[in-house]
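S.K.: Have a look at the structure that comes next, please.
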Amino acid sequence: MVFALHGLGLRLDGAPASVARATEILAHFGATPAPDARPDLHVTFDADAAPTPAGEVTAHHLDLTVTRDDHGLWLASAAAVAWIDVDGVRSRTWVVRGDMVPIPVFTAVLFHQLRLRGGYALHAACVAEGEAGALIVGPSGTGKSTLTLALARQGLELVSDDSVLLATDTGHVHALALRRGIHLDPADHPDVDGTFVPCPLLEGTKQELVVAGVRRRASCDPVLLLIPELSHEPRTTFEPLSPVDACWALCAESRLPELDRRDAGTHLAVLGVLVGQVRAYRARLGTDVRTDPARVADELRALLAASRPTRASPERPEGLGPRAAPSPAGAPYTRLPDGSGVVLHPDDLAPIALDPQGARVWEALGEGLEAAVDALTAESGAPRDEVAAAVTTFAEELREAGIERGAP
């Protein structure tokens, strides 16, 4: 049985209950049967005794312990052990508790394969008008799905709810659908016009809302980034966000550590490109999202129109690309359009914001301490000893925080 998701072909074999559960998960994320497709990944589910991973522990994700050895990547929980080979073309899962693969285990395997091909998951909803899209990014409970439903019922096209896949090509980021339905807590929406359908793949009390008249599209060109927060004010307002605040919010809702930390730099670079192509706003969601959604939709359409680039964006290729390039060595870093930057701490990948001056010093230190002092002295015209003292202090503060930059 072969399925396709944004160009990724997966073949499922083995224990019938696990194949059925994996099929359900793939359908939830929009995969379709593709019996004639050539699979990129062959997934086998096994009920035999599971091996014990013995490699280096590289990450902890949800209840999974991730290890790496010469044979590939291992994901182990109390209920299952999954293995992905070094080349990312074969995967085997041993179910050791229950009769089917746990949702987090297969989902982690799936998302890892998408990352290998340059598709990065973002905790966000997305709507569009034509090609121009708005990403609605934030943690659970901030009103993403409520706003998405209001906008979709006012005629904007639904791309995805709660999960979006970011894919880059020729220096431009596209948003691809991952969850095609709208998912809400029925208790919070007792009067909504639609039918709630329980979804066993969703955590908590959310269910899928089946509602008529919603237009859908599979992808868009993001030109707008909204960071929502709930407000008790009667009117929704949109306040501009700085590039560094926008990137910080994206980092918080991305799967940066995930299973293989070695691609975190490439992932951060994609977020940096995205910040450069969108206008970012904090959306303080007032009660009018429910009482007057037409006004909110009209204002969003105006923001989309104002945010559209003057030149056409590159055409999105079909599916994801080949295996993504590895991240550069060292702490991941991206420069933002206003000259500021974000660096990820090498231990836990926590984002650290740098103002434009700090970002320039960080970049100069890549050539070594003395070279950085020479370059920054020439740029600033300040006395060399003052520049040297400031740059040395900056490098020492980084070192104290556990980041090596600017070796002599």
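The numbers here are math on the coordinates, done by the rules we state, and not lab data. If you're wondering where the values come from, they're calculated on a predicted model, not measured in any experiment. All Cβ positions, glycine included, derive from the backbone under ideal geometry; neighbour counts span all protein chains shown.
S.K.: Given the C-alpha centroids of segment 1-63 and segment 133-147, what is the distance between them in whole angstrom?
M.R.: Each part's Cα centre sits 29 Å from the other's.
S.K.: Another question about this same structure. 5 Å is the cut-off here: which amide hydrogens, built 1.01 Å from N in the peptide plane, fall below it relative to residue 61, excluding neighbours closer than 5 in sequence?
M.R.: Those lying under 5 Å, H to H, from residue 61 are 66.
S.K.: Mind checking which of 216, 235, 335 has the largest fluctuation in a GNM of the chain, springs on alpha carbons under 10 Å?
M.R.: In this elastic network of the chain, the residue with the biggest mean-square fluctuation among 216, 235, 335 is 235.
S.K.: Through the Karplus equation 6.51 cos²θ - 1.76 cosθ + 1.60, θ set to phi - 60°, convert the phi angles of segment 292-302 into ³J(HN,Hα) values in whole Hz; use x for Gly and Pro.
M.R.: For segment 292-302, the Karplus curve yields 9, x, 5, 5, 5, 5, 5, 5, 5, 4, 5 Hz.
S.K.: Place the peptides 241-248, 107-114, 32-39 in order of packing, highest mean first, counting for every residue the other Cβ atoms within 10 Å and averaging per peptide.
M.R.: 107-114, 241-248, 32-39
S.K.: Spin-label point model (7 Å from Cα, Cβ direction): what's the residue 38 to residue 245 distance in nm?
M.R.: 4.9 nm
S.K.: So for the pair residue 89, residue 70, with labels modelled 7 Å out along Cα→Cβ, what separation do we get in nm?
M.R.: Rounded to a tenth, the inter-label distance reads 2.0 nm.
S.K.: Now a separate question. Sort the following peptides by mean Cβ neighbour count (other Cβ atoms within 10 Å, averaged over residues), highest first: 22-31, 154-163.
M.R.: 154-163, 22-31
S.K.: Another question, if that's okay. In 10 Å bins starting at zero, report the fraction of Cα pairs in the chain per bin as a rounded %.
M.R.: Calculated over all Cα pairs of the chain, the distribution is 5, 21, 28, 25, 15, 6, 1, 0 percent.
S.K.: What do you get for trypsin sites (Lys or Arg not before Pro) in segment 1-106 restricted to DSSP loop and a cutoff of at most 12 other Cβ within 10 Å of the site's Cβ? Provide the component values of the computation, followed by the final result.
M.R.: Details: sites: 11, 21, 68, 90, 92, 97; in loops: 97.
In loop regions of segment 1-106 (DSSP not H, G, I, E or B), the sparsely surrounded trypsin sites (Lys or Arg not before Pro) are 97.
S.K.: Determine Rg/Rh for segment 120-307; Rg is computed over alpha-carbon atoms and Rh is the Kirkwood hydrodynamic estimate from the same atoms.
M.R.: 0.95
S.K.: Which value, to two decimals, describes the C-alpha radius of gyration of segment 42-88 once divided by 2.2 N^0.38 Å?
M.R.: For segment 42-88, the normalised Cα radius of gyration comes out at 1.09.
S.K.: How much FRET efficiency would the formula 1/(1 + (r/R0)^6) give for residue 49 and residue 329, where r is the Cβ-Cβ distance and R0 is 35 Å, rounded to 0.05?
M.R.: The formula returns an efficiency of 0.35 here.
S.K.: To continue, here is another question. Taking 0.36 nm per residue of separation and subtracting the Cα-Cα distance, what length does fully extending residue 197 through residue 169 add?
M.R.: Fully extending the segment from residue 197 to residue 169 adds 6.4 nm.
S.K.: Per the helix-only calculation at 222 nm, which mean residue ellipticity applies to the chain, given -39500 (n - 2.57) for every DSSP H run of n ≥ 4 and division by its residues, nearest 500 deg cm²/dmol?
M.R.: -9000 deg cm²/dmol
S.K.: Given R₀ = 30 Å, what would the calculated FRET efficiency be for residue 232 paired with residue 13, taking r from the Cβ atoms and rounding to 0.05?
M.R.: Here the calculated transfer efficiency is 0.05.
S.K.: With a Förster radius of 35 Å, plug the Cβ-Cβ distance of residue 355 and residue 262 into 1/(1 + (r/R0)^6) and report the FRET value to the nearest 0.05.
M.R.: Computed FRET efficiency for residue 355 and residue 262: 0.80.
S.K.: What list of whole percents do you get for P(r) of segment 2-116, with Cα-Cα distances grouped in 10 Å bins up to the one holding the largest distance?
M.R.: Per 10 Å bin, starting at 0, the Cα pair percentages come out as 15, 50, 31, 4.
S.K.: Charges only on Cβ, +1 for Lys and Arg, -1 for Asp and Glu: so what's the dipole of the chain about the Cα centre, in debye to the nearest 20?
M.R.: Working: 36 positive and 55 negative charges, 233 e Å.
With only Lys, Arg, Asp and Glu charged at Cβ, the dipole is about 1120 debye.
S.K.: Using only the Cα atoms of segment 92-215, build the gyration tensor, take square roots of its eigenvalues as a ≥ b ≥ c, and label the shape rounded, prolate or oblate: rounded if a/c is under 1.5, else prolate if a/b is larger than b/c, else oblate.
M.R.: Judged from the Cα gyration tensor, segment 92-215 comes out oblate (a/c at least 1.5, b/c at or above a/b).
S.K.: For the peptides 393-403, 267-277, what is the packing order when you average, over each peptide's residues, the other Cβ atoms within 10 Å and list the highest mean first?
M.R.: 267-277, 393-403
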